[in-house]
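These notes concern the structure reproduced below.
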């Protein structure tokens with residue numbers, strides 16, 4: 001399927017993304033400070049992870065070597081008996097080699113870059129072994145790579161559509177309307193105080209469909225009420241509107 005794509009740039013979007021980057025860098029620096037203390041203690045969890053990884057690597061290496069030896073033995077036996085081996089030829093497995101420095105860098109990096117893997121693009125982590133057997137970490141930013149990363153990714157949004165006959169203006173206008181629907185319905189459906197679709201205390205398909213239908217119907221009715229109030233000079237969100245209506249306790253006896 002082919003379509004049309006429009007790449008737009010927003011300074012406000014870039015500012016927001018840069019601000020989030022600085023927050024992530026600050027949190028990573030705090031994490032690095034804590035990891036420095038653990039690297040200076042041979043009994044810390046980092047070194048326990050390192051020992052576990054070493055055992056796994058050495059076990060994998062031993063199993064690979066034994067497998068390769070069995071293959072070689074089968075080949076030698078077949079050659080000695082002068083018979084042709086049947087079936088697909090088995091290949092040797094790669095035998096992993098233990099590298100303590102790289103393994104520890106992976107472990108520290110997993111803690112440091114947890115949920116922030118993009119920081120690897122413009123930061124560098126190195127480890128140096130001290131005379132006492134512990135390690136010292138060095139973590140720094142590369143300003144050039146950081147600027148290049150921002151220039152390449154930040155502030156840009158790609159809008160894609162299969163409507164080839166639309167103009168760029170029409171595509172962007174329709175996308176803007178879609179964003180309004182997402183903010184007005186899907187985001188509101190996560191409002192746990194008023195319209196939340198979850199949690200569902202049902203387990204059959206029919207009941208789940210009815211539950212979702214009632215929740216989305218309530219959102220639509222609330223939006224109609226909100227627009228009616230807005231037309232009469234009262235600007236309230238759907239949640240605030242329901243809160244105000246919940247304060248009404250008047251009744252009439254017929």
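Read-outs: derived from the displayed coordinates by stated rules, not from any lab. Because the structure is a prediction, the values reported are computed rather than measured. We place every Cβ from the backbone using ideal geometry, glycine too, and count neighbours over all the protein chains shown.
When a/c is below 1.5 the answer is rounded, else prolate if a/b is larger than b/c, else oblate, so apply that to the range 48-166 with a ≥ b ≥ c taken from the square roots of the Cα gyration tensor eigenvalues.
Judged from the Cα gyration tensor, the range 48-166 comes out oblate (a/c at least 1.5, b/c at or above a/b).
Using a Gaussian network model of the chain whose springs link C-alpha atoms within less than 10 Å, name the residue from 138, 123, 217 with the highest mean-square fluctuation.
Comparing 138, 123, 217 in the GNM, the peak value goes to 217.
Which of 222, 110, 143 moves most in a GNM of the chain, Cα contacts under 10 Å?
222
How high is the relative contact order of the chain, in percent, with contacts defined as C-alpha pairs under 8 Å that are six or more residues apart? Walk me through the numbers on the way to the answer.
Numbers: 194 pairs, mean separation 59.7, N = 254.
Normalised by residue count, the contact order of the chain is 24 percent.
Label point 7 Å out from residue 27 along Cα-to-Cβ: which residues of the range 98-124 have amide N under 16 Å?
110-120
Cα centroids of the range 1-33 and the range 73-141: how far apart, whole angstrom?
Centre-to-centre (Cα) distance: 32 Å.
Over the range 4-153, what is the mean sequence separation of C-alpha contacts under 8 Å (at least six apart), divided by residue count, expressed as relative contact order in percent?
That works out to 26 percent.
Give me the percent relative contact order of the range 136-246, please, defined on Cα pairs under 8 angstrom at least 6 residues apart.
Contact order relative to length: 15 percent.
What is the calculated FRET efficiency for residue 99 to residue 17, with r their C-beta to C-beta distance and R₀ = 41 Å, to the nearest 0.05?
For residue 99 and residue 17, the calculated efficiency is 0.70.
What nm value, rounded to one decimal, do you get for the distance between residue 156 and residue 10 when each label is placed 7 Å out toward the C-beta?
Placing both labels 7 Å beyond Cα along the Cβ direction yields 1.6 nm.
Before rounding to the nearest 500, sum -39500 (n - 2.57) across all DSSP H runs of length at least 4 in the chain and divide by the residue total; then give [θ] at 222 nm in deg cm²/dmol.
Details: 7 runs with 139 residues, N = 254.
One gets -19000 deg cm²/dmol as the mean residue ellipticity at 222 nm.
Could you state the orientation-averaged shadow area of the convex hull built on the Cα atoms of the chain, in nm² to one decimal?
With the hull built on Cα positions only, its mean projection is 30.2 nm².
Identify which of 76, 56, 22 has the largest mean-square fluctuation in a Gaussian network model of the chain, with springs joining Cα atoms closer than 10 Å.
Most flexible of the set in this elastic network: 76.
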